[in-house]
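As structure tokens, the structure follows; a few thoughts come after it.
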Amino acid sequence: MPATTPKPGSAERPLRIVFAAADTRPERWLEEIPLALAQQGLHAQVQVYQPGQRRNQAWALTAPPGYLPGTLADDGATSVPVAGATASAPPSGTSSGPGREAEHDPGQAPPIDSADYALVWKPPSTLFAEHPGLRGVFNLGAGVDGVLRIQGLPDQVPLVRLDDAGMAEQMADYVLAAVLRWYRRFDAYQRQQHEQRWHLLKPVAKAEFKIGLLGYGVLGQRVAQALRAMGFPVQAWRRSPAQPDDAADGVHICHGTDGLHALMSSSRVVVCLLPLTPTTRGLLNYDTLSLLPPSSWLINVARGAHVVEKDLLELLDIGHLAGALLDVFGAEPLPAEDRLWRHPRVQITPHVAALTRRDMALEQIAGKIAALERGEPISGVVDRRLGY
Ligand code: NDP
Ligand code: OXD
């Protein structure tokens, strides 16, 4: 009788997940990835990617369906309580046991040598060649420019970005805080305080303080909602033209070069929330930024390369722009010698506008892996042609 191939995600054939995220401590991810998949009824093993490592030696950590978050023991084994009972990781000797290499019976199919799925943030370029069996790559952020720069991701493997996963609310808070600070002139009053100057600045009606969003996707829409709720008029620029049901949001939608020019010339604050693609790189340059009305502000929370830094500095120096809040830079960390650090009208944050929340990201990714395993479509698959 022909041997049946165990289903991926079963105890006999756990899903294999490789984790390759730059600047991220992997311990909690390693612990929680199998647990998140267990909530979806899937067995899984994980490893942290190291270039050139023998793949079958490094698979570790499984959490059978039903397990709840626990702790990593020193030897890498899970010790995780199940609701109402005490349970430990599967007994050693099973192929899905923690910290063990799957045992291979020469009479059976060859050992599965590649990961099924990768969770990545700016992964090393060797990852894709060393894991040729990937069936999906999950980016641990919304922007995929970092992973698309890497050569070798096969065209047929879906690249999936995070859809919000807790970032939209953070982004809305960040932008709203800056807009309110400028609208209520706290920046100017702070300067006056340094000069011990008591001087009232004429308030502006909110109706005259229009906010322009470049990008009206997952994050842009949530930011718009927060600004609208505070009474600010909002306009947004995106790639696709306005649709009839857009009107319900109360946000004026525009697109194309004319739309961009119209938005720039009528926004007191412009917020960049675009993906970095060949089309959007360098979009905020002398020509476009000088369309802004005198004494307006820029917020860049997308990618540093959207802005031509020397053009921004020039427009700040001549006072055309009243200020800029920058969270993202061409080089991160921003080099010490960069003039932006010392410019009196620039405020800098270290790429923190919206951080990836591990719990929400993993819940989303595990749900999508389960859907892919069932052969169902998922949201958030990147269109490689468009670059986002
Ligand atoms: P989405 O993909 O959901 O939205 C992108 C938006 O940009 C869409 O409205 C899209 O138009 C528009 N767009 C894309 N290309 C163009 C173009 N050529 N011209 C005009 N509009 C265009 O992305 P998110 O909202 O989830 O994220 C946006 C970016 O924010 C990420 O790519 C990332 O770089 C950055 N980010 C920064 C963080 C931080 O902490 N600083 C955290 C998270 C994300 P359309 O709607 O027509 O498709
Ligand atoms: C992202 C980011 O793209 O954090 O998610 O920048």
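The values are calculated or read from the model by the stated rules, or taken from the named source; none is laboratory data. Given the structure is predicted, the values throughout are model-derived calculations rather than measurements. Here Cβ is always computed from backbone atoms with ideal geometry, including for glycine, and neighbour counts include all displayed protein chains. These area figures cover heavy atoms from the full protein model, side chains too; ligands, DNA and RNA do not enter into them. Shrake-Rupley method; radii C 1.70, N 1.55, O 1.52, S 1.80 Å.
Quick check: is even one residue across the stretch 261-276 farther than 18 Å from L325 by Cβ and in contact with a Cys (Cβ under 8 Å, 6 or more places away or on another chain)?
yes
Hey, among V157, V179, V223, V175, which residue is in a loop (DSSP other than H, G, I, E, B) and either open to solvent by 90 Å² or more (accessible area, probe 1.4 Å) or not basic (K, R) (or both)?
One residue alone meets the criteria, V157.
Taking the stretch 328-358, which residues are more than 30 Å from E32 (Cα to Cα), assigned to a loop (DSSP other than H, G, I, E, B) and out of contact with any Phe, Trp or Tyr (no Cβ under 7 Å at 6 or more places or on another chain)?
Taking the stretch 328-358 first, the residues more than 30 Å from E32 (Cα to Cα) are 329-331, 334-348.
Retained after the next criterion (residues that are assigned to a loop (DSSP other than H, G, I, E, B)): 329-331, 334-338, 343-345.
Listed by number, the residues that qualify are F329, G330, A331, P335, A336, E337, D338, H343, P344, R345.
Answer yes or no: is there a residue in the stretch 103-120 that is within 16 Å of ligand 1 (Cβ to nearest atom), surrounded by 14 or more Cβ atoms within 10 Å (Cβ to Cβ), at pLDDT 90 or above and assigned to a loop (DSSP other than H, G, I, E, B).
Start the filter on the stretch 103-120 by keeping residues that are within 16 Å of ligand 1 (Cβ to nearest atom), which leaves 120.
When the remaining residues are screened for being surrounded by 14 or more Cβ atoms within 10 Å (Cβ to Cβ), the result is 120.
Imposing the further condition that a residue be at pLDDT 90 or above reduces the set to 120.
Then keep just the ones that are assigned to a loop (DSSP other than H, G, I, E, B); that gives none.
Looking for residues that are within 16 Å of ligand 1 (Cβ to nearest atom), surrounded by 14 or more Cβ atoms within 10 Å (Cβ to Cβ), at pLDDT 90 or above and assigned to a loop (DSSP other than H, G, I, E, B), one finds none in the stretch 103-120, hence no.
Condition check ((1) open to solvent by 50 Å² or more (accessible area, probe 1.4 Å); (2) within 16 Å of ligand 2 (Cβ to nearest atom)) across all residues:
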| residue | (1), (2) |
| --- | --- |
| Q196 | yes, no |
| L201 | no, no |
| G217 | no, yes |
| P233 | no, no |
| D246 | no, no |
| V269 | no, no |
| C272 | no, yes |
| L284 | no, no |
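In this structure, does P333 turn out to be within 16 Å of ligand 2 (Cβ to nearest atom) and either open to solvent by 30 Å² or more (accessible area, probe 1.4 Å) or of a type in the set (S, T, Y) (or both)?
Answer is yes for this residue.
Among the residues of the stretch 314-327, write down those that are open to solvent by 10 Å² or more (accessible area, probe 1.4 Å) and not in a strand (DSSP E or B).
E314, D317, I318, G319, H320
Would you point out which residue out of P294, P344 is without any contact (Cβ under 8 Å) to a residue 12 or more places away in the chain and away from ligand 1 (no atom under 16 Å from the Cβ)?
P344
Please find, among G259, G212, G250, the residue that is more than 16 Å from ligand 2 (Cβ to nearest atom), open to solvent by less than 20 Å² (accessible area, probe 1.4 Å) and farther than 24 Å from H351 by Cα.
It is G259.
Pick from the stretch 336-362 the residues that are under 15 Å from L162 (Cα atoms) and surrounded by fewer than 17 Cβ atoms within 10 Å (Cβ to Cβ): which of them is nearest to ligand 2 (Cβ to nearest atom)?
For the stretch 336-362, the residue satisfying everything is L355.
Could you please find all residues in the stretch 182-217 being charged (D, E, K, R) and in a helix (DSSP H, G or I)?
Hits for the stretch 182-217 are D187, R191, K206, E208.
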